[in-house]
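The values are calculated or read from the model by the stated rules, or taken from the named source; none is laboratory data. As the structure is a computational prediction, the values presented were derived from the model and not from experiment. Don't worry about glycine lacking a Cβ; one is built from the backbone with ideal geometry, like all the others, and counts go over all protein chains shown.
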Amino acid sequence: MITGKSLLATALVALGYLAVPDVGCLAARPDASVQDPDLSQSGTEEGREIAFVFEDGPLPHTTPILLDALKKLGMKATFAVTGENVESNPGLARRIVAEGHELANHTYSNPDLKRLDLQDIIWQMRVAGEAITRVTGVKPRYFRSTNGELSESLRALVEQEGYEVLDSTLDSGDWRNPSSEKLRQTVLTKVAPGSVVLAHDSFPKTVKEMPAVLEALVKRGFRLCTVSELHPGALHEAPSASLPLDSTPAESPQAPLEVIQPR
């Protein structure tokens, strides 16, 4: 008799994923055409799951580098994307989903939320979420704020909009334009099982260094997951109607807010 578990296992195999016993993380099969023979010998250890969050993309000159590296390793990540960049690079956004990664809402135009009023913040979340869903068919579970900063009242607002707040626990420091050795040292010396590591699509120099960092982590026995796999749980319901948006700062998603960018 075919059980529900058997059907699930069959579906996972058909999609190219392997279930890892007793953990929430799913590992994709490494791409045999590009896999490094040394990596195939490394193996990962149960209980050493971590998640990478790459924010600000998708961007045509950097996001493919990260996707290729993850595909080579058979690992996954969370991409906190802006609605504006999803609309500009729809094929990349769909590739992220097709290869088993996770999308998170990172606002529409990446403004400094501390400089916006409440209605503008709501607009940024909603229009970004609509763009992501329209292009990819996926409604994100998480909202990642710009600069990673949210007051308690804004955290409550995010939850009322139907999202969970995406926090990181380890900053890779890639935005500081570090040397390749400094970037590697920061991540490898501070990472621990359960870490949520923050990095970016938007710094070309460090994106080029990131595949070597990811390979080093895998060789040390870490398994790279999406944040949802690292923290499995029920998704929120649809966005709350308790905070109506009386007026929008722009006529359509294609006309982004004129906002003051962070210094």
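Can we say Asn85 is in a helix (DSSP H, G or I), within 23 Å of Ser172 (Cα to Cα), in contact with a Gly (Cβ under 8 Å, 6 or more places away or on another chain) and touching a residue at least 12 places away in the same chain (Cβ under 8 Å)? Step through it out loud before you land on a result.
Working: in a helix (DSSP H, G or I): yes; within 23 Å of Ser172 (Cα to Cα): yes; in contact with a Gly (Cβ under 8 Å, 6 or more places away or on another chain): yes; touching a residue at least 12 places away in the same chain (Cβ under 8 Å): yes.
So Asn85 passes the test.
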Exercise for review: Would you be able to say whether some residue in region 217-226 is of a type in the set (S, T, N, Q), modelled with pLDDT of 95 or more and not in a helix (DSSP H, G or I)?
Suggested key: yes
Check your understanding: Any chance region 141-164 includes a residue that's in a loop (DSSP other than H, G, I, E, B) and β-branched (Val, Ile, Thr)?
Key -> no
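Yes/no per residue for (1) out of contact with any strand residue (DSSP E or B) (no Cβ under 9 Å at 6 or more places or on another chain); (2) acidic (Asp, Glu); (3) touching a residue at least 60 places away in the same chain (Cβ under 8 Å):
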| position | (1), (2), (3) |
| --- | --- |
| Ala128 | no, no, no |
| Tyr142 | no, no, yes |
| Asn147 | yes, no, yes |
| Ser151 | yes, no, no |
| Tyr163 | no, no, yes |
Check your understanding: Of everything in region 201-216 that's part of a helix (DSSP H, G or I) and of a type in the set (Asp, Glu), which residue is nearest to Lys71 (Cα to Cα)?
Key -> Glu215
Practice item. State whether the residues of region 115-135 include one that is among the hydrophobic types (A, V, I, L, M, F, W, C), closer than 26 Å to Ile50 by Cβ and not in a helix (DSSP H, G or I). Key: no
Point to revise | region 100-113: number of residues that are touching a helix residue (DSSP H, G or I) at 6+ places or on another chain (Cβ under 6 Å) and more than 21 Å from Leu154 (Cα to Cα) | key: 1
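Can you name the residue in region 151-208 that is charged (D, E, K, R) and crowded, with 18+ Cβ neighbours inside 10 Å and is also farthest from Arg220 (Cα to Cα) among such residues? Let's see the steps before the verdict.
In the first step, residues of region 151-208 are kept if they are charged (D, E, K, R); the result is 152, 155, 159, 161, 164, 167, 171, 174, 176, 181-182, 184, 190, 201, 205, 208.
Okay, now just the ones that are also crowded, with 18+ Cβ neighbours inside 10 Å, so 161, 164, 174, 184, 201.
Values: Glu161: 39, Glu164: 30, Asp174: 21, Arg184: 13, Asp201: 24 Å.
The extreme case among them is Glu161.
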Practice item. List every residue pair whose Cβ atoms lie under 6 Å apart, where the two residues are 6 or more positions apart in sequence or sit on different chains, the first residue falls within region 99-112 and is under 16 Å from Thr63 (Cα atoms) and in contact (Cβ under 8 Å) with a residue 40 or more places away in the chain, and the second residue, located anywhere, is part of a strand (DSSP E or B) and of a type in the set (D, E, K, R). Key: His106/Glu55
